1. Would you list 26, 32 from fewest to most Cβ contacts within 10 Å?
2. Rank the residues 63, 72 as a footprinting-exposure proxy: fewest other Cβ atoms within 10 Å of their Cβ go first.
3. As a footprinting exposure proxy, order 69, 33 by other Cβ within 10 Å, with the fewest listed first.
4. Using 0.36 nm times the number of residues separating residue 73 and residue 39, minus their current alpha carbon distance, what extension gain do you get?
5. So how far apart, in nm, are the two label points at residue 81 and residue 51 if each is 7 Å from Cα heading toward Cβ?
6. Based solely on C-alpha atoms, express the radius of gyration and the Dmax of region 8-78 in angstrom.
7. Using alpha-carbon pairs under 8 Å, 6+ residues apart, how would you state the relative contact order of region 8-78 in percent?
């Protein structure tokens with residue numbers, strides 16, 4: 001199911017995924033910057049038939065880590081190692 005903003009949601013819970021545009025707005029950057037980071041392997045995303053969506057949990061965990069450590073976190077740390085990913 002999706003809400004009016006396009007984020008997928010559980011029946012009554014928070015979004016499961018965000019669109020690239022939503023993530024860009026949340027982070028105060030352009031969608032192109034997010035697309036480039038995804039394509040470079042520096043930002044986590046899921047590709048479904050050509051469309052990229054960003055797991056909300058990854059965004060939440062990055063924010064939590066930045067707050068907990070009171071420092072800059074590298075989004076690339078949330079991208080799985082390509083050799084470790086099985087299809």
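All of the numbers you see were taken from the coordinates with simple rules; none came from a lab. None of these values were measured; they are calculated from a predicted model. Quick reminder, even Gly has a Cβ in these numbers, built from the backbone with ideal geometry, and neighbours come from all protein chains shown.
1. Exposure proxy ranking, most exposed first: 32, 26.
2. Working: 63 13, 72 7.
Placing the least packed residue first, the sequence is 72, 63.
3. Details: 69 9, 33 14.
So the residues, fewest neighbours to most, are 69, 33.
4. Numbers: separation 34, 0.36 × 34 = 12.24 nm, distance 1.89 nm.
Full-extension gain reported as 10.3 nm.
5. Here the answer is 3.3 nm between the modelled labels.
6. Gyration radius and largest Cα-Cα distance of region 8-78: 12.2, 37 Å.
7. It comes to 28 percent, rounded to a whole number.
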